[in-house]
1. Give the residues of the range 1-17 that are assigned to a helix (DSSP H, G or I) and β-branched (Val, Ile, Thr), sorted by residue number.
2. Among what's in the range 9-26 and is surrounded by fewer than 20 Cβ atoms within 10 Å (Cβ to Cβ) and either among the basic types (Lys, Arg) or free of Cβ contacts under 8 Å to residues at least 12 places away in the same chain (or both), pick the residue that is nearest to TRP347 (Cα to Cα).
3. Would you confirm whether any residue within the range 120-136 is under 20 Å from GLU233 (Cβ atoms), crowded, with 18+ Cβ neighbours inside 10 Å, of a type outside the set (S, T, N, Q) and touching a Ser or Thr at 6+ places or on another chain (Cβ under 8 Å)?
4. Looking at the structure I just gave you, is GLY115 within 27 Å of ILE150 (Cβ to Cβ), surrounded by fewer than 22 Cβ atoms within 10 Å (Cβ to Cβ) and not polar (S, T, N, Q)?
5. Which residues, taken from the range 282-308, are over 17 Å from the mean Cα position of the chain (by Cα), closer than 25 Å to ARG209 by Cα and buried (at least 22 other Cβ atoms within 10 Å of the Cβ)?
6. Considering only residues of the range 28-72 that are assigned to a strand (DSSP E or B), in contact with a Leu (Cβ under 9 Å, 6 or more places away or on another chain) and not hydroxyl-bearing (Ser, Thr, Tyr), which is nearest to TRP347 (Cα to Cα)?
7. Of all residues in the range 259-279 being in contact with an Asp or Glu (Cβ under 8 Å, 6 or more places away or on another chain) and either in a helix (DSSP H, G or I) or in contact (Cβ under 8 Å) with a residue 60 or more places away in the chain (or both), which is surrounded by the fewest Cβ atoms within 10 Å (Cβ to Cβ)?
8. Just a yes or no: is a residue in the range 137-148 within 21 Å of the chain's Cα centre (by Cα) and either more than 28 Å from ARG187 (Cβ to Cβ) or touching a residue at least 12 places away in the same chain (Cβ under 8 Å) (or both)?
Amino acid sequence: MNDTLFEPLKLGAIEARNRIIMAPLTRGRSSQPGSVPNAMMATYYRQRAGAGLIISEATGISVEGLGWPAAPGIWSDEQVEGWKEVTEAVHEEGGKIVLQMWHMGRLVHPLFLGGEPPVSASATQAPGHAHTFEGRKDYEPARALGIEEIARVVGDYRHAAENAKRAGFDGVQLHGANGYLVDQFLRDSTNLREDEYGGSPENRVRFLREVLEALIDVWGADRVSVRLSPNGETQGCDDSDPAATFGAAARVVEELKLGFLELREPGPDGTFGQTDVPKQSPLIRTIYTGPLVLNSDYTAEEAVADIAAGRCDAVAWGRWFISNPDLPERIRTGAEIAPNVDVPRSWYGSGPEGYVDYPRLGE
């Protein structure tokens, strides 16, 4: 394998030892009640510490923002202590890990909120079904956040960022993708506001900017990143002019000098989400001058080609890291990469099976 993927890379203040990034992966293994990270999660992340950087699974910043069974949080002291075990395990293996910060917005079912409606940019309802402890349920209508409440949610992000620092992470990533709260503010199908947070792309990126500024206050810009999904519909969230919307978002990221920007960009043949909407990374590359990480259905050869051509600086893999804990070594040696084929077993089980029992090379 070409050495391109194994050249070190500075992602802001974070020194990545290679350009193989572990993408955020919801796995649903935290301890309940309380959404607390545990020893099994520490083992899982330790096994994958050979990545240049691990981006943690999406992690709820507050009770209001978390609507996924057994996903972890970062709002309580108990959660902070659980995450300390994870970050220590990764660091013992020489790895780096950042926390992905998650508010699901309208995709939180009222069952997680004591029957109260979820919040969003506007009073809209997502299509499809929520995963709950009582099985799949139809999403329910969200209510629009008031102006004064937006400041409170930004404060929740700030508090979670402070907790992430206490937990020993190397930085934080804002989850601004996949139809969750930040994305609901960004895109015009879900942001119907007529105040300073709605209307033009420049107004719709205001919430993104305010949250990032809060994270920067805690961490410094060079340890803050954001994930965006700029092309195509996701969980009912779409945009009529993605170039204008995500060009404006890229300008925010450039002005704030973030450590790096990650883009999830499926194509027409994507295995997780398909779209004919053109990828926006070529446009974003002309606006944002910092390290760019791309994600979605890459082969190792395609990653080498895009890095060598200057289209990105690193590539993030998700599902390959599920079934190949030593993915960088497999890529380096040209060994077989085990397919991730058993979705229920591999993704959202409740125990160690399909989580920490995948073999490394030679095992």
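1. Matches in the range 1-17: THR4 only.
2. My answer is ARG17.
3. yes
4. Values: within 27 Å of ILE150 (Cβ to Cβ): yes; surrounded by fewer than 22 Cβ atoms within 10 Å (Cβ to Cβ): yes; not polar (S, T, N, Q): yes.
In short, yes.
5. Result: ILE284, TYR288.
6. The first filter runs over the range 28-72 and keeps only residues assigned to a strand (DSSP E or B), leaving 31, 36, 53-60.
Applying the additional criterion that residues be in contact with a Leu (Cβ under 9 Å, 6 or more places away or on another chain) yields 53, 55-60.
Subset that is not hydroxyl-bearing (Ser, Thr, Tyr): 53, 55, 57-58, 60.
Details: LEU53: 21, ILE55: 17, GLU57: 12, ALA58: 14, GLY60: 18 Å.
Step by step, filter the range 28-72, then rank; the result is GLU57.
7. GLY259
8. No, the range 137-148 has no match at all.
Quick note: the coordinates plus some simple rules give every number you see, no bench work behind them. Treat the numbers as computed from the prediction; the structure is a model and nothing was measured. Because the Cβ atoms are built from the backbone with ideal geometry, glycine has one as well, and the counts that use them run over all protein chains shown.
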